[in-house]
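Peer 1: Here's a structure for you.
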Amino acid sequence: MITTDQTIHTFVEFFRERGHELVPSESLVSPPGDPVLFTTSGMHPLTPYLRGRPHPLGRRLTNRQRCLRTTDLDEVGDDTHLTVFEMLGSWSLGDYDGPQSLRWGYQLLRDGFGIDPGRMHVTVFAGDDYVGPDHESWQTWDELGLPVEPTTDENWWNGPTGLCGPDSEIFVWTGPGIPQGTPTTDDRWVEVWNHVMMRYVRHSDGTLEPLDRPSVDTGMGLERLVRILRNVQSVYEIDLFEPWRTTLPRLWGSLNEPSLRLLSDHLRSTIVVLGDRITPSNTGRGYVPRRLLRRALTTLWRDDPTRTLSDLPIDLIEDTLGHFRQSRHPQEVRSDLLDEEHKFALLLRRGRQVLSHKRFTGPLSDDDYRYLHDTHGLPRDLVVYLSTENAGRS
C-alpha cells in the first residue's frame, strides 16, 4: 500500500517535472502583521505573491505545508477532519491558466495515483449576481469527461475581504459500489483537491477589483488523499496514525474509537504546535495548545484518573516532530506536555473545591459561568466537565 511519504514524493516530483520550484514549508505561526493566529492553508504564506509581488523562486511553485484549523474542532474525530494537517499545493503566479491546472490535476490523480476517473466528480462556479459562470473550467471538465455539478457559494473562494475568485473542486467517491448522487447530495463524495482561480480582490465595501495578474492556487489535503489511496475508512487509519493507534491502547488499556481518534489528533497536534515553539497560555495563540491538551486529558482521565502523559514514549514525540521537519528537541516538548498536565491537574483540584460550594449545586446560569471564569479562571468547558463529573458521582 502506498505510504504518506511516497504520496508526497509523487506529488512534488510531478510538479517539479513541469517547472515548479519547491518552496520550503513555513511554521504554523503566521507572518508578522497577519491577523490570523496560525497558518491555515498552503497558500497562506504565499499571499503577498498571489497579490503580485515577484517570488524569488519564480512563477511556478509547489510545496507541502503544515496547517492548523480550530474552526473544525468539533468535527475532529470524524473520517476526514484533523486539527493539524498538511496541504500539498501548486501555484501559477501569472503563468499558466486555470484549465491547464485542472488538466494537470486530473492527470496526476488518474495516472500518478491511479484513481479511476469513474470515481471522480467535480464542481464549478455557476455564477452569481456579480460574476458569471466559470465557463473555462466547465468546458475543461467536459472535455476530460468528468461529471460536473455547478454551485454558487461552495465554489467561490474568499474571506470577507482580500483575494478571491471562482474555484473548481475535485471529489472522489469513497462509498461502496457504483458512485451515486453528487458532491452536494452525498457526503461519500470526499473533496480531495481545490483549484482556485485568483482573479479579484474584494474590498471592505464588497466591491471586486480584478487582479492585474490573475494566478492559480491549488490545495490538496495530504491525509485525505492517502486515506483514499489506501482505501481505508478514515484519515486515522493511514500509516501516519499507526504508531498512535497501536501505542495508546497499549499504554492506557481499552479506548473506544472516538476517544482513540481524539487523543491521537489532539496529542499529536499539541506536539506539532509545541514543536514550532508556541508557549501554552490562556490567551491568543498559546490558548490553542492548552485547549487541545486539556480536551485530551479530560478524555484520558474520564475512565481512569491515574493515566498520565509521562507514559508517552519519547520516540512517538520524536517521530511526530520528524515528520513535520521540526528541529525542537523531543525532550523539551515532553517537558512542556508534563508541565501543562500538572497545571491542569491543579486547576481541576481547585475547580472541584469551588464547585463544591452550595451556590453551584443547581443548574448554572450564564452569570455563574462568567463569575467562575473571571474570578477563578475556570473556563466554561471545564466547568461543564466538572459538573458532569459531580452528577455522575451523585
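Peer 1: Run down LEU372, LEU378, LEU364 and say which single residue is over 27 Å from LEU274 (Cα atoms), crowded, with 19+ Cβ neighbours inside 10 Å and not acidic (Asp, Glu).
Peer 2: Details: LEU378 fails: over 27 Å from LEU274 (Cα atoms); LEU364 fails: crowded, with 19+ Cβ neighbours inside 10 Å.
Unique residue meeting the criteria: LEU372.
Peer 1: Between a first residue in the range 303-325 that is on the phi > 0 side of the Ramachandran plot and a second residue that is surrounded by 13 or more Cβ atoms within 10 Å (Cβ to Cβ) and in a loop (DSSP other than H, G, I, E, B), which pairs have beta carbons less than 7 Å apart while being 6 or more apart in sequence or on different chains?
Peer 2: ARG325/SER25
Peer 1: So in the range 155-190, with the set limited to residues that are charged (D, E, K, R) and surrounded by fewer than 17 Cβ atoms within 10 Å (Cβ to Cβ), which one is farthest from the chain's Cα centre (by Cα)?
Peer 2: Taking the range 155-190 as the starting set, the residues that turn out to be charged (D, E, K, R) are 167, 169, 186-188.
Now narrow it down to the ones that are surrounded by fewer than 17 Cβ atoms within 10 Å (Cβ to Cβ): 186-188.
Details: ASP186: 22, ASP187: 18, ARG188: 19 Å.
Out of the qualifying residues, it is ASP186.
Peer 1: Looking only at the range 124-143, decide whether some residue is β-branched (Val, Ile, Thr) and free of Cβ contacts under 8 Å to residues at least 60 places away in the same chain.
Peer 2: Scanning the range 124-143 turns up at least one residue that is β-branched (Val, Ile, Thr) and free of Cβ contacts under 8 Å to residues at least 60 places away in the same chain.
Peer 1: Pick out, from the range 47-146, the helices (runs of 4 or more DSSP H) lying fully within it that include 2 or more residues that are among the acidic types (Asp, Glu), over 23 Å from the mean Cα position of the chain (by Cα) and closer than 18 Å to GLU21 by Cα. Outline the logic, then answer.
Peer 2: Numbers: elements: 47-50, 98-107, 135-144.
No helices (runs of 4 or more DSSP H) qualify here.
Peer 1: Does at least one position in the range 29-39 carry a residue that is surrounded by 14 or more Cβ atoms within 10 Å (Cβ to Cβ), small (Gly, Ala, Ser) and touching a helix residue (DSSP H, G or I) at 6+ places or on another chain (Cβ under 8 Å)? I'd like the intermediate steps shown before the answer.
Peer 2: So the first thing to find is which residues in the range 29-39 are surrounded by 14 or more Cβ atoms within 10 Å (Cβ to Cβ), and the list is 29-30, 37-39.
Then drop every residue that is not small (Gly, Ala, Ser), which leaves 30.
From the residues that got through so far, the ones that are touching a helix residue (DSSP H, G or I) at 6+ places or on another chain (Cβ under 8 Å) too are 30.
The answer is yes; a qualifying residue exists.
Peer 1: Right, next: Restricting attention to the range 269-290, which residues are free of Cβ contacts under 8 Å to residues at least 12 places away in the same chain, open to solvent by 20 Å² or more (accessible area, probe 1.4 Å) and not in a loop (DSSP other than H, G, I, E, B)?
Peer 2: Once the filter is applied, which keeps residues that are free of Cβ contacts under 8 Å to residues at least 12 places away in the same chain, open to solvent by 20 Å² or more (accessible area, probe 1.4 Å) and not in a loop (DSSP other than H, G, I, E, B), the range 269-290 yields only TYR287.
Peer 1: Then there's this: Among the numbered criteria (1) of a type outside the set (Ser, Thr, Tyr); (2) out of contact with any helix residue (DSSP H, G or I) (no Cβ under 9 Å at 6 or more places or on another chain); (3) part of a helix (DSSP H, G or I), which one does CYS164 miss?
Peer 2: So the condition that CYS164 fails would be (3).
Peer 1: Moving to a separate point now. So the check is Cβ under 9 Å with 6+ separation or different chains; which pairs have a first residue in the range 202-223 that's surrounded by fewer than 15 Cβ atoms within 10 Å (Cβ to Cβ) and a second one that's among the polar types (S, T, N, Q)?
Peer 2: HIS203/THR161; SER204/THR161; GLY206/THR161
Peer 1: Given the structure, is ALA345 under 14 Å from ARG268 (Cβ atoms) and either among the small types (Gly, Ala, Ser) or not assigned by the TED database to the domain that holds ARG261 (or both)?
Peer 2: In short, no.
Peer 1: Looking at (1) surrounded by fewer than 23 Cβ atoms within 10 Å (Cβ to Cβ); (2) touching a residue at least 24 places away in the same chain (Cβ under 8 Å); (3) touching a Lys or Arg at 6+ places or on another chain (Cβ under 6 Å); (4) more than 23 Å from PHE11 (Cβ to Cβ), which is the only condition HIS266 fails?
Peer 2: (1)
The values are calculated or read from the model by the stated rules, or taken from the named source; none is laboratory data. Everything numeric in this text was worked out from a predicted model, so none of it was measured. Note that we place each Cβ from the backbone using ideal geometry, even for glycine, and neighbour counts take in every protein chain shown. Surface areas here come from the heavy atoms of the whole protein model, side chains and all, with no ligands, DNA or RNA. Shrake-Rupley method; radii C 1.70, N 1.55, O 1.52, S 1.80 Å.
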